[in-house]
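A short worksheet on the structure shown next.
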């Protein structure tokens, strides 16, 4: 509401008024979603048992590969798996048993304690897009992402009411050397925001840097005893665990930091074309990954991840917001809950090249599904465009606004207090209206979710103001937000120490761009 | 696929090739949706019982108004209600008892028997937008709707694979006199399409014309014994039943034709600002309306309707795709099922002035919710724009494409046959890919829903083709569909008789434009 209000008031206003407003703006962050509505469950007991049985058969008979990772093979051998080269075959029941030491929920601490999140249970934590090498906005078009773009996204996430989490690689800062960009990214999350964030996974040493920088930000003792990062470990589906991802996972597990262990599925390419087959593979992969994570450190927080899209058999492109991806996600949520693990899936997925109607249909399909599938951690919840190749500034703001819809839906239907509104119905009676009645007066401010972006104006006003579409409104809002951004307060000694750590680390290595 | 295929093949092709393709196009219509997934239920038993009890209290203590309708008051008096002026107070239990004679599902026959629909149970029948006085397209902008527009929409609905129903007043043909336009609209539904349709409700005599024209189309005896129309009777919420709507309802009920009995709710104006309060009023209104319908003719098909939006307390505009509207709809579905009635709600609702991202977010929120709320008849399932003031040609095509997503989701997760894909997982193994495996070869054609409109092309192709957005693609597709339209075959004698009926009726009355 702050932005919407300032937009209205500042029209034609002078610089002094704008400055005065700016200093009064507060960046409210909603509490993570606590669901008061049921999950959608598409698998019946027979289907669940079949998929669980089949996943165990796959682990035992086919197995999974741990590539270039002799230590992992040793850990598996010791745990009772059958090792054949890099192939790990896991006897029935072993993976599930190992998974049982992972907690069903955990707290990820933010440096602002009010913004710490509990991942798991009936909760849903929302984090922005992750990984795009390109960015797009209306002014500059599509281009390689830079650190400047990255910082802008961190600021927007910090200021977005419905985002609980600052995310990780919100875009790839391609102007910074590959071996150094994690340092700048972490520093940006730590200094430009006070929301929780993710660590680096592109090298075990970078995961260690992430842990060390958290030691500076939170204090080393605090980090030893608490989870302050949730990081993303992708599985190379089908059933391959590479040494880089596993190396990072090992660092995080040893340090009791949370890992999302996530098959990366483009259905028809990395998994079978059927929903049941895909779910079988996803479950087998996650069980193997989480079991390994628990072998490294029993009790460290792990999330059942599932990145799901399907392939367009005409063009070979991944497609998003499709019914099959939704069915896989609904089913994966059920499997995760039966495994007692927090669940990560869904996001602002779309294949569109622009933040247009296609993007919004596909995104809304996925966001709604994510809420109803019981997702606990939703990466990519805003800003995703073009199959994940692009982080779009306008779409970031558009999606972040829509996340408010999920918060509203999750409330369910209260029937306590004056919610039944019997006095109002009696007061108004047949043929009346509720606009002025006592119940409306008492409740209208909080009764309805209201977009802070979309157009609710009369046609004539909208027409006179230039027939602006959603993207145009988002462009205006995005710029206003960045203009109004204020850095959260931090202990200057901590900031200095972080700056020094990053400067020293960067100076210690030659630049590498691959 | 026909349109998508012809679009690609015809690029650079000659007129002869296009004509040859045109004659080979078939307009496939999907069967109505039979759900194989559960409904979302947001009300627990305590909430359901409270709302049901409160609705009975409202009917007994506050009552409803039947305006300018002495015959209705007589029927109610005879049934045991308490009549005070136009106020009808209904003793507890009476309305529910009267509702019990309405069927829980019914067949609405189409003149093409393959396109008849069963309304109720686990089914979902999709019909287009209803009622807008304006139309919009990219070429002509926003303008008053005409009969020419109306006919175009009927043709598009006929050719749209995922639409099962031709609807009713898809737009208001404002160039035809008010007292005659129902004749032209019905004729268009009957001759330009072979899908089921709706009758006129703007005057009892026009409802009778609808029945009489169906007598010509289907045969009088057939119409006597079968339901061939589903028509929309709105309640003037709160709790007012006007004589025009009730007069039409009486005509349809007497002729055993189906009526949707539908509160028209803008939450905060026509109903309380709380979800529980709105549901209480909706249930009371529907029970009174269906009970009255059953008083006119026990056993005639009636649908529990709920048109739900909420008011934006800043601008006074109705808002769509909002969480509160979804919660009301989920709850209303539960109440309808407990009353044993088919349920009508949801649609391609949006407040946007353009078919842009706002329109698509709001629409997707509502379409997904409609499927999951157990809606049996979804009016407005495509083409709605600007709070229902506008029927948009491009959005019609865009939404109609998205209805395919609902068909895919409703399939659920089969586990029979080769769905578990164990052979495929064994065949491919760790590190392989599924593109060429036997299971994929056998299933890829039907495995994934595929849009026939949205952009799945590589970025470079999309860029070279002019960076077209969804609206532009829909404009192209809409024109191709209309160019390829072919009228369904009909007995020339029936067509002649319908033409004669309409001509005679129109000649018998002076034009009226109000």
Discussion item. Kindly evaluate residue A:420 against the criterion of being in a loop (DSSP other than H, G, I, E, B), more than 23 Å from the chain's Cα centre (by Cα) and farther than 30 Å from residue A:334 by Cβ.
Written reply: yes
Worksheet item: Mind checking which residues of the range B:481-501 are part of a helix (DSSP H, G or I) and surrounded by fewer than 18 Cβ atoms within 10 Å (Cβ to Cβ)?
Response: B:482, B:483, B:492, B:493, B:494, B:495, B:496, B:497, B:499, B:500
Worksheet entry | Looking only at the range B:133-169, and only at residues there that are more than 19 Å from residue B:184 (Cβ to Cβ) and not in a loop (DSSP other than H, G, I, E, B), the one that is nearest to the chain's Cα centre (by Cα) | B:159
Worksheet item: Which members of the range A:200-242 meet the condition of being within 14 Å of chain B (Cβ to nearest Cβ) and outside any loop (DSSP other than H, G, I, E, B)?
Response: A:235, A:236, A:240, A:241
Discussion item. Just to verify a result, which residue in the range A:430-454, among those that are at the interface with chain B (Cβ under 7 Å from one of its Cβ atoms) and in contact with a helix residue (DSSP H, G or I) (Cβ under 6 Å, 6 or more places away or on another chain), is surrounded by the most Cβ atoms within 10 Å (Cβ to Cβ)?
Written reply: A:434
Practice prompt. Select from the range A:171-209 the residues that are surrounded by 21 or more Cβ atoms within 10 Å (Cβ to Cβ) and in contact with a strand residue (DSSP E or B) (Cβ under 6 Å, 6 or more places away or on another chain) and write down the one among them that is nearest to residue A:408 (Cα to Cα).
Written response: A:196
Discussion item. Going by what's in this entry, would residue B:417 be described as more than 7 Å from every other protein chain (Cβ to nearest Cβ) and modelled with pLDDT of 95 or more?
Written reply: yes
Fill in: So residue A:264, is it outside any loop (DSSP other than H, G, I, E, B) and crowded, with 24+ Cβ neighbours inside 10 Å
no
Fill in: Which listed residue, of A:270, A:287, is more than 7 Å from every other protein chain (Cβ to nearest Cβ), crowded, with 24+ Cβ neighbours inside 10 Å and farther than 21 Å from residue A:125 by Cα
A:287
Item to complete: Restrict the check to the range B:372-384 and report whether at least one residue is touching a helix residue (DSSP H, G or I) at 6+ places or on another chain (Cβ under 6 Å) and facing another protein chain (nearest Cβ under 10 Å).
Response: no
Worksheet entry | Unmet requirement for residue B:305, which otherwise passes all of (1) under 30 Å from residue A:460 (Cα atoms); (2) in contact (Cβ under 8 Å) with a residue 60 or more places away in the chain | (1)
Worksheet, complete the sentence: If we ask which residues in the range A:66-94 are farther than 17 Å from residue A:283 by Cβ and at the interface with chain B (Cβ under 10 Å from one of its Cβ atoms), their number turns out to be 4
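The values are calculated or read from the model by the stated rules, or taken from the named source; none is laboratory data. Being a predicted model, the structure only gives us computed values, none of them experimental. Note that we place each Cβ from the backbone using ideal geometry, even for glycine, and neighbour counts take in every protein chain shown.
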